[in-house]
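To start, the structure itself, in structure tokens.
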Ligand SMILES: C[S@@+](CC[C@H](N)C(=O)[O-])C[C@H]1O[C@@H](n2cnc3c(N)ncnc32)[C@H](O)[C@@H]1O
């Protein structure tokens, strides 16, 4: 009951509203969680392909993905499904996400409802999510996949994170509305918590975000974006 109250407070802070009854939108940040019913394809194009995960996941014994902005968990679920389709016995994938305003179960269920193909995975994730407390948690979601969600301000969470990611998904709200998710300090922390040869991908091509990532030390490239977005950004350490 206590944690329900805390989560509702988080949703009030977000000003969560629903476009066409199905797509979550934060009035506070003036942005959508994902682009309409295209969110699933967008995840594949921007984050999975942008980090060249098909090739890299096939080769890795253990692989760590980190994300800024867990939201509904869409990116996690798409990645988990993709991982299940290509992995071999003995390999492991760890997915860590940083989130300041955790959504409650009903909102996650509703936000992901437009993708029936994700239902089974969503329900397993929500089984764990429903038992979470207000702190950060790690769940062994299946025998080769763990999920950790670190609750709180991302700049603080990443800075105190004891691990390094092989691939980053930078998925804050739009940089103009959510600048603290793309700040120089946070991008430096992301770089510092990336393995040598590790990568990032993001849907945005905002110049100042690319500059922050470049000054942090990444080799940054602007590449074709998804759908109506002409460009997105990828990079490597
Ligand atoms: C575009 S949504 C992420 C969508 C998500 N990846 C998904 O698959 O549904 C951006 C997320 O960033 C979170 N966020 C915004 N500012 C934050 C901050 N300063 N620290 C941590 N999380 C933040 C929001 O609560 C929201 O969940």
>> Kindly evaluate residue 196 against the criterion of being under 23 Å from residue 232 (Cα atoms) and in a helix (DSSP H, G or I).
In response: no
> For residue 130, all conditions in the list (1) farther than 24 Å from residue 190 by Cβ; (2) within 17 Å of the chain's Cα centre (by Cα) hold save one; what is the number of the exception?
Replying inline: (2)
> Can you name every residue in segment 1-22 that is surrounded by 17 or more Cβ atoms within 10 Å (Cβ to Cβ), at pLDDT below 90 and closer than 18 Å to residue 114 by Cα?
Replying inline: none
> When you go through (1) within 14 Å of the ligand (Cβ to nearest atom); (2) surrounded by 16 or more Cβ atoms within 10 Å (Cβ to Cβ); (3) farther than 17 Å from residue 49 by Cα one by one for residue 176, which number turns out not to apply?
Replying inline: (2)
>> Pairs please, first residue from segment 17-29 and more than 13 Å from the ligand (Cβ to nearest atom), second anywhere and assigned to a strand (DSSP E or B), Cβ atoms under 6 Å, 6+ apart in sequence or on different chains.
In response: 17/25; 19/25
> How many of the residues making up segment 62-104 are more than 14 Å from the ligand (Cβ to nearest atom) and under 17 Å from the mean Cα position of the chain (by Cα)?
Replying inline: 5
>> For segment 138-160, which positions are crowded, with 20+ Cβ neighbours inside 10 Å and either over 15 Å from the mean Cα position of the chain (by Cα) or more than 29 Å from residue 225 (Cβ to Cβ) (or both)?
In response: 151
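Sort out which residues of segment 199-237 are surrounded by 16 or more Cβ atoms within 10 Å (Cβ to Cβ) and either free of Cβ contacts under 8 Å to residues at least 12 places away in the same chain or part of a strand (DSSP E or B) (or both), and write them in order of number.
Within segment 199-237, 199, 200, 201, 202, 220, 232, 233, 234, 235, 236 qualify.
The values are calculated or read from the model by the stated rules, or taken from the named source; none is laboratory data. As the structure is a computational prediction, the values presented were derived from the model and not from experiment. For neighbour counting, all protein chains shown are included, and Cβ atoms are generated from backbone atoms with ideal geometry for every residue, glycine included.
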